[in-house]
Every structure is written in structure tokens, then in C-alpha cells.
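> Mind having a look at this structure? Questions to follow.
Each reported figure results from applying straightforward, stated rules to the coordinates on display, with no laboratory input. Worth saying up front: this structure is predicted, and the values here are computed from it rather than measured. As a convention, Cβ positions derive from the backbone with ideal geometry for all residues, glycine included, and neighbour counts pool all protein chains shown.
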Amino acid sequence: MFVKKWGGIALAGLIVGLAAIALAEYGNPANMALCVACFIRDTAGAIGLHRAETVQYIRPEIPGIVLGAFIMGLLRKEHAPKGGSSPFTRFILAVCVMVGALIFLGCPTRMVLRIAGGDLNAVIGCIGFAGGILTGIFFLNRGFTLKRSYDQPVAEASAAPLISVLLMALLIAAPAFIFFSENGPGSMHAPLLLSLAGGLIAGAAAQRSRLCFVGGIRDAVLFKDFRMLIGFAVILVTVLIGNIAAGNFTLGIEGQPIAHTEWIWNILGLYLVGFGSVLLGGCPLRQLVLAGSGNSDAGITVLGFFAGAAICHNFGLASSGAGTTQNGRIAFAVCAAVIFLVAIANTKKTSSLKPA
């Protein structure tokens, strides 16, 4: 019974965890081996959307995740062109989620990787992540919806995979208008083929299992379905064991790689991520997978992540190892207000929420 119900998601968690270990071992930044928010930020910088010189590199993991999900969707005949569900609202929510992620310095995937590396700041941040998800569930229970999606042309569904191929071509060709960091996190990366392979494998596994960090907590609360939390736990344990074996586990708050110790802002940053991701229907990793599977709403969301990353670094909103910024704190307040307004404006008075 366990294998039939939870074996698939456990295997997906193991695959993603092993990919993260390999990527960190061969050059990706410590505790950031497979961070969707960080890697979108780096890619945004590489194509000139921001000018933060230390975080500019087209991360092959991002197109790899999209293409891995695309291939798996085709093999399983689940590549379904859908879209048209409040695209502009999704774009704005995605910007807000990215602001929260870059205040914390990582998406839910990196939160797990940081915990597995002994970073207690991420453990503290989990409080906000869970609180944001619970706030989102409050609105779901009262009828929140971004309306239905509709069948879309195949060309619409092919946009995300084609853009992913273009990004890989730009990385390989390295024309003069593409930027590459010479120091800082952007200069730290695994070999191209390994990075691409890690993304492809993670994307395929996440598509097959529907792995989602936000969805795990959401489904556990709403439907008493703990399946996706198994994947979450397996990634954590796998990377934890890998870090201990490699001597990369350091328990504590101070001196953690690419992290700050302002506990209240770690909580608040992940609160935005959790809340916004529930309204969007999935975490950043899940949005990449859905985009690869033909969902143009998720594609718009991913574009919102890119825009949010650019805004954060162009206007000094992103945190650093030294801590948060005044602009970032103001942005948190603005984004929190926006997400609440979106939630209220799209919530019906009554609801009969049922499992999908």
C-alpha cells in the first residue's frame, strides 16, 4: 500500500535530492544547488534584466526543468495546452512571490536545502512559509479563484519549451550581450551538461509526481492527504545525509552561506512566498513544471518571477548576507497588501471546496 500510494512521490524526492547533492558537489553554491528563485534571478541578470554583477549566469537547471517536464508530459500524454485564467493577476502575484523569496534569499526548494545544510535561519523561516500557506487556505475555503482556464493553441503551449531552448543556445554561444559573473554566487556553477541533466531529471520527476512544496502543506490541511509531504521529507533527508557524508553540514544561525540572520524578515519573506504561491496554485518549482507541461498561465507566472527578480535587484529590494534593505522592507508591505487585495477581490461569499 505504501509503495502504491507514496512510492512515486518518495522516488521523485530521492531523485531531486540526489540531483541537488551532485550539483552542489560539482560547483553550484552551497545550500543553493537547485533554487528556482535564485536561478531565475541569475538568468534574469545574464540576459540584462538587472545589473547586479555577482548574480548573472544563465542557469541550465531552469530550462532543464521546463524541458524535462515537457518531455515527461509528452510521454505520458499529459501535455495539455491550457491558459487564460487571470494572466495579469498571476503576473503580479508572481512578482510579489519573488520579492518575498529574495527577502528570505531562496524559494521553498532552497528553504529545504538550507535546512538540510544546518541553516537554522531557514528553520525559523518555515514559520512564515506555513503561515502564508494557511492564510491562502483561509481564502481557498471561502471560494478564492482566479477563474477557469481554457484550451489554448499548441503554439501557446510550446512557448516555454522554445524559450528554454533559446536560453540554452544563448548560454552555449555566449554572445557579447549576455552577462556572466566573474565573482559571487553567479560565478559558481556546475559543468553545463551536469546542470542541464540535473534540471531535466528534476523536471521530469516533478512532472511525474506533481511534486510541490506548497501543495504538500495545502493538501495535508485541506484534504488530509500527506502524499506530497513525503516527497518534501525525502528531499530533506537525502540532502541531509549527503551533506553530513561530505562534511558540508554546519548547524547554526551565524555564518551560513548566502543567508542572513534577521529572523523576522526570514519569516515575513517566506510568508509572502507561501501565501502568494497558494493563490497561484503551486510553488516556483511547480510553476516551471506546469509551464513545461503546456500551461500558459504558469508560463505567465514564470515571466512574473523574472520581472520580480529584475525589480528586486534594480531597486535594491533583495537581501544579502549582510541582511535586508530598507527598500526590501517597504516592498514587503506593498506586496503583502497587494496579495491580500487580490485574495479578497477574487473570493466568493460561499464555497464548497472539494478535492481535485
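> When each pair of different Cα atoms in region 28-171 is counted once in the 1/r mean, what is the Kirkwood radius in angstroms, to one decimal?
In region 28-171 this quantity evaluates to 17.4 Å.
> Using 0.36 nm times the number of residues separating Lys147 and Ile241, minus their current alpha carbon distance, what extension gain do you get?
That pair, Lys147 and Ile241, stretches by 29.6 nm at full extension.
> For the chain, what does -39500 (n - 2.57) per DSSP helix run (n ≥ 4), summed and divided by total residues, give at 222 nm, in deg cm²/dmol to the nearest 500? Working shown, then result.
Values: 15 runs with 233 residues, N = 356.
Mean residue ellipticity at 222 nm (helix-derived): -21500 deg cm²/dmol.
> Starting from the Cα gyration tensor of region 2-345, multiply each eigenvalue by 5, take the square root, and state the resulting semi-axes largest first in whole Å. If you can, show how the numbers build up before the last one.
On the way: eigenvalues 123, 108, 98 Å².
Rounded to whole Å, the semi-axes are 25, 23, 22.
> Using a Förster distance of 51 Å, how high is the FRET efficiency between Phe340 and Ala169, based on the Cβ-Cβ distance and rounded to 0.05? Don't skip to the answer; put the middle values down first.
Working: r = 41 Å, r/R0 = 0.80.
Efficiency for this residue pair is about 0.80.
> In angstroms, what radius of gyration and Dmax does region 196-246 have, counting Cα atoms only?
Radius of gyration, then largest Cα-Cα span, for region 196-246: 12.7, 38 Å.
> Between Phe226 and Ala176, what length in nm is gained on full extension when 0.36 nm per residue of separation is reduced by their alpha carbon distance?
Extra length available between Phe226 and Ala176 comes to 13.2 nm.
> From the phi angles alone, apply the Karplus equation (6.51, -1.76, 1.60; θ = phi - 60°) to region 58-75 and give each ³J(HN,Hα) in whole Hz, x where the residue is Gly or Pro.
6, 7, x, 4, 5, x, x, 4, 4, 5, x, 5, 4, 5, 5, x, 5, 4
> Hey, another quick one. Could you tell me the relative contact order of region 2-345? Use alpha-carbon pairs under 8 Å, at least six residues apart, and round to a whole percent.
Computed value for region 2-345: 37 percent relative contact order.
> Tell me the relative contact order for region 16-168 as a rounded percent, counting alpha carbon contacts under 8 Å between residues six or more apart.
The value is 33 percent.
> OK, next. Defining a contact as two alpha carbons under 8 Å apart and six or more residues distant in sequence, what relative contact order in percent does region 37-111 show?
Contact order relative to length: 32 percent.
> Stretched out fully, how many nm does the piece from Leu193 to Phe315 gain, at 0.36 nm a residue minus the Cα gap?
Between Leu193 and Phe315, full extension yields 40.6 nm more.
> Every cysteine in the chain with no other Cys Cβ under 4.7 Å from its Cβ, please list them in numeric order.
Taking the Cβ cut-off of 4.7 Å, the unpaired cysteines of the chain are Cys107, Cys126, Cys212, Cys283, Cys312.
> Provide Rg and Dmax in Å for region 94-249, with only Cα atoms included in the calculation.
18.6, 52
> Once the dipole of the chain is set up with Lys and Arg at +1 and Asp and Glu at -1 on Cβ about the Cα centre, which of Leu240, Ile217, Gln287 lies farthest towards its positive end?
Farthest towards the positive pole: Ile217.
> With a Förster radius of 30 Å, plug the Cβ-Cβ distance of Ile330 and Arg51 into 1/(1 + (r/R0)^6) and report the FRET value to the nearest 0.05.
0.90
> Could you work out how far the C-alpha centroid of region 1-58 sits from that of region 199-268, in angstrom?
11 Å
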